[in-house]
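Here is the structure we will look at.
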Amino acid sequence: MSSGDPATRQRILEAARELLESRPGANIAMGEVAKQAGVSRQALYLHFRDRTSLFLEVSRLADSTARTPARQRRIDEAPTGREAFRETIALQAFLKPRLKGVATALDVLRRSDPAADAAWKEREHARLRRCEQVLQRLHDDGELAPGWDVPTAARCFWAVTSQRVWDDLVMDQGWSTARYRSHITALLEAALLRQGP
């Protein structure tokens, strides 16, 4: 997928991320990325064959920087499904402000840009799969509320913890991260978890 100097590749990724974050919704051309990174277009294409591969790697870099193995282990190693459920919401509350620039840019661009759409779909499908894993665990523990199946509950969980919902509540309505985490947890627990004995 890429070759050449790793430092140059990293510079290109950082330049593309800066452009996406500073101009959400703008159509970012490969030439602009090359200029921002201080490399030739030839060097850029040596590392990334097209905008899709570049945007996918920018998205992956943003995620891997914020979603550390230690944070993911809090979910994976939680002793119960309920605790894994709460840790997943806590992780989303932590990630949203850190990934806002890239996530918002890809969400806006994806409607008209196939490269951004591919990157957005990869990240959101991965998030949905993680939601399904947590909801499957709740189901296996007997903790999923009556009337819900795993696929439907996972998609509701995925939608409520989306970047857009976070943006509406935190950026538009002024909620703190703590308030977001507390109220989204309460909402999803009331909707999706078995109540009472």
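Miscellaneous remarks
- Selection status of Gln42, part of a helix (DSSP H, G or I), at pLDDT 90 or above and surrounded by fewer than 17 Cβ atoms within 10 Å (Cβ to Cβ): yes
- Any hit, region 110-120, residues being closer than 28 Å to Gly196 by Cβ and assigned to a loop (DSSP other than H, G, I, E, B): no
- Check on Ala37, within 15 Å of the chain's Cα centre (by Cα), surrounded by 16 or more Cβ atoms within 10 Å (Cβ to Cβ) and more than 20 Å from Glu122 (Cβ to Cβ): no
- From Glu14, Glu18, Glu57, Glu32, residue being crowded, with 18+ Cβ neighbours inside 10 Å, of a type outside the set (A, V, I, L, M) and out of contact with any strand residue (DSSP E or B) (no Cβ under 6 Å at 6 or more places or on another chain): Glu57
- Identification of helices (runs of 4 or more DSSP H) wholly contained in region 137-197 with 2 or more residues that are more than 21 Å from Glu77 (Cα to Cα) and among the aliphatic types (A, V, I, L, M) yields 150-160, 177-192.
- Residue check, Arg17 in contact (Cβ under 8 Å) with a residue 12 or more places away in the chain, part of a helix (DSSP H, G or I) and in contact with an Asp or Glu (Cβ under 9 Å, 6 or more places away or on another chain): no
The values are calculated or read from the model by the stated rules, or taken from the named source; none is laboratory data. Just so it is clear, the structure is predicted and the values come from calculations on it, not from any experiment. Here the Cβ is made from the backbone with ideal geometry for all residues, glycine too, and neighbour counts use every protein chain on show.
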